[in-house]
Amino acid sequence: MGVTGPPGPVMDRDEVDRALARLGAEHKAIEDSLLALQDHAGRRLLEGAELTGTTRERWQTTEETITRLWTYFDAYTAAVHDVRELRSRRRWPGREELAELTERLRGETVHLSDGQQRLPESLTGPARLSESFTLERLVKRMNELYAASLDVIVTADAVWSALPARIDLLAAELGRTRSLAHSVGVRPGEHPAGDELEAITAELAALRAQVVSDPLAFWRPAAGSSAPGGGRPDTVRYDRAALALEDVRREIEAVLAVRQDSEERLLRLRDVLSRADRTLTEARSARGEVLAKIAASEVPAVSGPPTALQERLATAAEYRRHAQWHRLSPLLESLEREAEDELMRARESLTAVTAPLAVRAELRGRLDAYKAKVARLGAAEDPLLIERYDAARRMLWSAPCDLRVAEQAVLRYQQAAAEVLSGPGDARGRQ
């Protein structure tokens, strides 16, 4: 192999010394970084863990990369040592020595064989199993390999530092919720919330095992970031489990509330159903009165007492006696809605049944109000008014009362009164 000259202009003594100082600083920084990488807690965890999936594949590659890094660093150390030793031979190096120092500092003088590299054959010859570097390019290569290795270690450590602890806290909350659920009878196979608790328990166990064995599968890199460890842990499954547990916890609290106030709620239910029953009884009685007193009127039928609700209320009381709170909770909620609806229907039925009596009362009031007005204005003795008043009164105070005929009689009285009161003179003038 022929001797080649130094790349570019030959460096002078000051340039050489400055380059050696820079190499010394770089060597120290690289060594410190490699030692820190060696002692990183994430690296020790990766070495001792039973890894699977993405993490196992990437860690195998990273271990090889770290081994290669130390090989590169040893070669770099030896090259820097050789340059320093050459520079130390003479305080004032000659041109040939400066040329050799320039070659060592700037030329591709570091030769590395990489038995782990498997480069494909090119069209110009066989694959290379060795590579030559300048010191500058070797530093750049080491920085690239270091960043790639650190990214795997920092990422795994970040996931392990974040997710397992949060999963454990959620699992502890899950345990407390399960104990509370059992205390009110919410168990798997007996209540949907019990089945949901079992599903959350299984999901958290599976999630923790996967996070521990394959942390890199739970990492989401930051968009556009190339820095090692840029991104955040993927908490989608954890968040979903936490929300599901919160929903179950609220449901358990609702069941607990039932246990605490069930007696009062049952008493209120009995009162509401009792009022509905009394209202229906009043409606049935009123219907009989309307049929007897009002003629030619359609009176709606009145339904019977809410026996189905009474039976379900008895079932609710039975659940309470046997502390079956998880069954009592939904039953009470539906009973409260239906009891209020039943009371509303009973009131509407009473209103509908008594409507004809209300119409008769309104007509009686209107007739007496006009009579009082006529008397106040001095027309009480008008024969026409007396005749029409008596006719209307007989219809309204007789049974059965025909409301349509009675209403026409009241209207005739009103019209006559209006004519008398608006005509010339007074009542005596009409006589």
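The values are calculated or read from the model by the stated rules, or taken from the named source; none is laboratory data. Nothing here was measured: the structure is a model prediction, and the numbers come from that model. Glycine also receives a Cβ, built like all others from the backbone with ideal geometry; neighbour counts cover every protein chain displayed. Protein only, heavy atoms only, side chains kept; ligands, DNA and RNA dropped before computing areas. Shrake-Rupley method; radii C 1.70, N 1.55, O 1.52, S 1.80 Å.
Kindly establish whether residue 81 is touching a strand residue (DSSP E or B) at 6+ places or on another chain (Cβ under 6 Å) and either at negative phi or exposed (fewer than 15 other Cβ atoms within 10 Å of the Cβ) (or both). Criteria not met by residue 81. Regarding region 67-88, can at least one residue be identified that is over 48 Å from the mean Cα position of the chain (by Cα) and assigned to a loop (DSSP other than H, G, I, E, B)? Checking region 67-88: at least one residue is over 48 Å from the mean Cα position of the chain (by Cα) and assigned to a loop (DSSP other than H, G, I, E, B).
Of all residues in region 394-415, those satisfying the criterion of being crowded, with 19+ Cβ neighbours inside 10 Å and without any contact (Cβ under 8 Å) to a residue 60 or more places away in the chain are 395, 396, 406, 409, 410, 413.
The helices (runs of 4 or more DSSP H) located wholly in region 331-431 that include 3 or more residues which are among the basic types (Lys, Arg) occupy 355-376, 383-396. Residue 267 satisfies every condition listed in (1) modelled with pLDDT of 85 or more; (2) open to solvent by less than 80 Å² (accessible area, probe 1.4 Å) except (2).
Of all residues assigned to region 275-298, none qualifies as being within 30 Å of residue 181 (Cβ to Cβ), surrounded by 14 or more Cβ atoms within 10 Å (Cβ to Cβ) and out of contact with any Gly (no Cβ under 8 Å at 6 or more places or on another chain). Considering the conditions (1) over 30 Å from residue 192 (Cα atoms); (2) open to solvent by less than 80 Å² (accessible area, probe 1.4 Å), residue 371 is excluded by exactly one of them, (2). Of everything listed in (1) over 13 Å from residue 266 (Cα atoms); (2) in contact with a helix residue (DSSP H, G or I) (Cβ under 6 Å, 6 or more places away or on another chain), the single unmet condition for residue 319 is (1).
Suppose we keep only residues that are among the aliphatic types (A, V, I, L, M) and in a loop (DSSP other than H, G, I, E, B) within region 299-310. Which one would you say is most open to solvent (accessible area, probe 1.4 Å)? Result: 301.
When region 343-353 is filtered for residues that are hydroxyl-bearing (Ser, Thr, Tyr) and open to solvent by 40 Å² or more (accessible area, probe 1.4 Å), only 351 remains.
Is it the case, given these coordinates, that residue 216 is under 20 Å from the mean Cα position of the chain (by Cα) and in contact (Cβ under 8 Å) with a residue 40 or more places away in the chain?
So residue 216 does not fit the description; no.
For region 342-363, a tally of residues being farther than 14 Å from residue 412 by Cα and in contact (Cβ under 8 Å) with a residue 24 or more places away in the chain returns 14.
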